[in-house]
Amino acid sequence: MDVFLDGTKVRLDDSALVGEGGEARVFKHGALALKIFHPVPSGDRAAAAAFDQKLARLARFPAGLPSNVVGPLALAKDKKDRVLGYAMPLVDGALDFGKLANRAWRTQLVPNEQVAELFRKLAATLHALHRKRVVVGDLNDGNVLFKERDCFLIDTDSLQFGGLPCPVGHERFLDPRLYGVDLLASPRFDEGTDWYAFAVLLFSSLLFAHPFGGTHPRLATLLRRAEARHSIFQSDVTAPRQAVSRAVLPDDASHWFQKVFEKDLRAPPPDALLSLSWTTCACGLEHARAACPECHALGPLLTRPVLKSRGRCTARVAFQTPGRVLHATLQGGLRYVHEAQGVVRREDGTEVLRGRRLADLTFAVSGPTTWVADRSGLVERIENGKVIERARTSSRGATPVLAAASSVAYRQEGEWLVEHFSGARVGQVLEGQTWLWTGERLALGFYRAGGFTFAFLLETGRAGLKRLEGVSWQGRVVDADARFDAHHALLCVTTELAGRDEVHRWLFDEAGALLAQSHGGSRGHAALLLGRVVLGTDGGLVLLKTDGGHLIEGVSFPDTQSFVSASDELLPQPDGSLCVVGPNDLTTLSLTPGGSP
């Protein structure tokens, strides 16, 4: 594709693609990012009107905004002078704020003191925008980025100013007062709606749960609880397992959040909330109280029960650390990588490395080998604490392409997937856009460009990619994962489009035939048990069944709710039990006869 910036032709191709969503594709061009909008469908008057509003917003974009508000620098046009998109500064190596609410990723990597600093800077940015009579509107965890201690606001072509409405609001951050309101008709957002979204972001980042998350016996969804102002503060709401108790906050901080979510307070946060003094307890919990609320309530870590039961479910803590579980897998037994006090070790206590910045690293395991890859694509093979080999792999954004099982390890060299041990090229893929996972017998991946998705299956130890038919979606990829058993593979993709998240799942057999699929339904990690899909949700385990080519929710196991959440990875074990991989623990779930999935 050729575009023109200030009359200069620029050639764009998929190798420079850095992101793709429901409305546009973003390409890297030197120190710039070029956002190129998807063509407006012929005859779609609503889409044409929205596009006209976007062009008007670009033409009248206000000057003098804070430097961390990533706005347009120049229009990108075609040879007939029609606007295709715009150029903006490239924010390279940044992560979205959604990472801050991911307990498994953030614990021990980004302390609450740093989170508070990022939110102080975001608050200052909002104050500056509001003084200019600019409202963000669609403030969410995907359009605020952070890099070290700096934050950036992107997707600014939807800002509300000068009578131009913000056309969309992400449902998890949209003020409930705007539910059911036509956002395109006129400017509907205000300063208060920005501060509501800010409060949701801050609450989620400190407590690892949405303020209307968890489960409730009558109000079944997050949106219904938000509509009723029935927050996680209420005693009849069961918080997700991965959530941190609000007891880590001082009482006045909790009361402020409760006023926002239950009493419709719409105001900037008090300075004291963003300047709390945080302490990390020996148990690993960060809190802003005089004493650790968890240890005070439960006693020292060593006295906590290893075995718990509820109804037909028995949970045994197989491993626990005050640090983090970095990676876990089943390879003839449970193998894992964990960290505490800056030292990374394997399941047998063998040291892997120490003193490295873990936020930059990806881990994988092949038997006794620990693979470590950094953002630059450097891959190290470590055994017994020593680096015995180095190689390189391509990256997708800040994520290196690396997947390993007992006898294989895949990385990417340019446009080729390579099996490291044999050195064989196993298939051609798209550089910078490839996702990849592997089990013991099967591996699966995909790449996406220009709305086209190529998903593939391969058999470990053999070359050749088998294309998987029927895999497609619209919108931006928020997350993706794949699960395997000996004869099946499951691909799960979470997307965001027009302010809504949706989960897509496709179940394939070993020959690549599509057995069943679903679009929508509960979020959560899945496991495969002899072709059956078991889903971990905040309400416990749910068995998905196939019905006429569709994956639908079947039997649920509420006795497991206390021991699993939607963010926990599930590893099926040979005896039929499941290992739940939490942020800092590994727990084996067993169900008595009649209760087993």
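The values are calculated or read from the model by the stated rules, or taken from the named source; none is laboratory data. Quick caveat: nothing in here was measured; it's all calculated off a predicted structure. All Cβ positions, even for glycine, are placed from backbone atoms using ideal geometry, and neighbour counts span all protein chains on display. Heads up: the accessible areas ignore ligands, DNA and RNA and are worked out on the full protein's heavy atoms, side chains in. Shrake-Rupley method; radii C 1.70, N 1.55, O 1.52, S 1.80 Å.
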Inset, instruction - Can you give me the number of residues within segment 175-189 that are crowded, with 17+ Cβ neighbours inside 10 Å and farther than 13 Å from Asp264 by Cα? - result: 3
Legend entry - Given (1) in contact with an Asp or Glu (Cβ under 9 Å, 6 or more places away or on another chain); (2) free of Cβ contacts under 8 Å to residues at least 60 places away in the same chain, number of the condition His550 does not satisfy: (1)
Inset, instruction - Determine which member of the set Gly461, Gly512, Gly499 is at pLDDT below 95 and open to solvent by less than 20 Å² (accessible area, probe 1.4 Å). - result: Gly499
Legend entry - Hits in segment 564-597 (condition: hydrophobic (A, V, I, L, M, F, W, C), open to solvent by 20 Å² or more (accessible area, probe 1.4 Å) and not in a loop (DSSP other than H, G, I, E, B)): Leu591
Inset, instruction - Spot the failing condition for Ser556; the list is (1) open to solvent by 10 Å² or more (accessible area, probe 1.4 Å); (2) small (Gly, Ala, Ser); (3) in a strand (DSSP E or B); (4) closer than 15 Å to Ala243 by Cβ, and only one is missed. - result: (4)
Inset, instruction - Using the structure shown, decide if Phe454 is at pLDDT 95 or above, surrounded by fewer than 21 Cβ atoms within 10 Å (Cβ to Cβ) and touching a Phe, Trp or Tyr at 6+ places or on another chain (Cβ under 7 Å). - result: yes
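Go through segment 130-167 and give me each residue that's assigned to a strand (DSSP E or B) and of a type in the set (Gly, Ala, Ser). Before you say what the answer is, go through the steps one by one.
Here is the first cut: in segment 130-167, the residues assigned to a strand (DSSP E or B) are 135, 144-147, 150-153, 160-161, 164.
Selection gives nothing.
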Inset, instruction - Give the residue that is least open to solvent (accessible area, probe 1.4 Å), with candidates limited to residues of segment 517-527 that are at pLDDT below 95 and out of contact with any Gly (no Cβ under 6 Å at 6 or more places or on another chain). - result: Gly520
Inset, instruction - All but one of (1) open to solvent by less than 30 Å² (accessible area, probe 1.4 Å); (2) over 24 Å from Ala498 (Cβ atoms) hold for Val70, so report the exception by its number. - result: (2)
Inset, instruction - Go through (1) assigned to a loop (DSSP other than H, G, I, E, B); (2) farther than 30 Å from Leu273 by Cβ and name the single condition Pro66 misses. - result: (2)
Inset, instruction - Please indicate, with yes or no, whether at least one residue in segment 193-212 is in a loop (DSSP other than H, G, I, E, B), touching a strand residue (DSSP E or B) at 6+ places or on another chain (Cβ under 7 Å) and modelled with pLDDT of 95 or more. - result: no
Inset, instruction - List every residue pair whose Cβ atoms lie under 7 Å apart, where the two residues are 6 or more positions apart in sequence or sit on different chains, the first residue falls within segment 344-373 and is in contact (Cβ under 8 Å) with a residue 60 or more places away in the chain, and the second residue, located anywhere, is charged (D, E, K, R) and surrounded by 14 or more Cβ atoms within 10 Å (Cβ to Cβ). - result: Leu358/Glu339
Inset, instruction - Quick one: which residue in Leu75, Leu34 is outside any loop (DSSP other than H, G, I, E, B), open to solvent by less than 20 Å² (accessible area, probe 1.4 Å) and either in contact (Cβ under 8 Å) with a residue 60 or more places away in the chain or not acidic (Asp, Glu) (or both)? - result: Leu34
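Specify which of the listed residues (Val110, Val91) is under 20 Å from Gln242 (Cα atoms) and β-branched (Val, Ile, Thr). It would help to see each step written out before you state the result.
On the way: Val91 fails: under 20 Å from Gln242 (Cα atoms).
Result: Val110 is the single residue among Val110, Val91 that is under 20 Å from Gln242 (Cα atoms) and β-branched (Val, Ile, Thr).
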Legend entry - Close pairs from segment 247-266: first free of Cβ contacts under 8 Å to residues at least 24 places away in the same chain and within 15 Å of Gln234 (Cβ to Cβ), partner open to solvent by 10 Å² or more (accessible area, probe 1.4 Å) and of a type in the set (D, E, K, R), Cβ under 6 Å, at least 6 apart: Ser254/Arg246
Legend entry - Selection within segment 33-59 - basic (Lys, Arg) and modelled with pLDDT under 95: Arg45, Lys54, Arg57
Inset, instruction - Pull up segment 307-359, narrow it to residues that are in a loop (DSSP other than H, G, I, E, B) and under 21 Å from Pro572 (Cβ atoms), then point me to the one that is least open to solvent (accessible area, probe 1.4 Å). - result: Gln331
Inset, instruction - Identify, from the list Glu440, Glu431, the residue that is over 23 Å from Leu17 (Cβ atoms) and of a type in the set (Asp, Glu). - result: Glu440
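If only one of Gln108, Gln114, Gln53 is in a loop (DSSP other than H, G, I, E, B), farther than 30 Å from Leu430 by Cβ and either open to solvent by less than 30 Å² (accessible area, probe 1.4 Å) or not aromatic (Phe, Trp, Tyr) (or both), which one is it?
Numbers: Gln114 fails: in a loop (DSSP other than H, G, I, E, B); Gln53 fails: in a loop (DSSP other than H, G, I, E, B).
From the options Gln108, Gln114, Gln53, the qualifying one is Gln108.
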Inset, instruction - Go through the residues of segment 43-50 one by one and say whether even a single one is open to solvent by less than 60 Å² (accessible area, probe 1.4 Å) and either in contact (Cβ under 8 Å) with a residue 60 or more places away in the chain or in a strand (DSSP E or B) (or both). - result: yes
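Take the conditions basic (Lys, Arg), crowded, with 21+ Cβ neighbours inside 10 Å and part of a loop (DSSP other than H, G, I, E, B) and apply them to Arg172. Does it pass?
Spelling it out, Arg172 is indeed basic (Lys, Arg), crowded, with 21+ Cβ neighbours inside 10 Å and part of a loop (DSSP other than H, G, I, E, B).
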Legend entry - Positions within segment 92-105 being crowded, with 16+ Cβ neighbours inside 10 Å and part of a loop (DSSP other than H, G, I, E, B), in sequence order: Ala94, Asn102
Inset, instruction - With the checklist (1) over 15 Å from Gly539 (Cα atoms); (2) of a type outside the set (Gly, Ala, Ser); (3) open to solvent by less than 20 Å² (accessible area, probe 1.4 Å) in hand, flag the one item His230 doesn't pass. - result: (3)
Legend entry - Total residues in segment 360-395, condition open to solvent by 10 Å² or more (accessible area, probe 1.4 Å), part of a strand (DSSP E or B) and either of a type in the set (A, V, I, L, M, F, W, C) or under 24 Å from Gly461 (Cβ atoms) (or both): 13
Inset, instruction - Scan segment 117-134 for residues that are within 16 Å of Phe189 (Cβ to Cβ), in contact with a helix residue (DSSP H, G or I) (Cβ under 6 Å, 6 or more places away or on another chain) and open to solvent by 10 Å² or more (accessible area, probe 1.4 Å) and jot them down. - result: His130
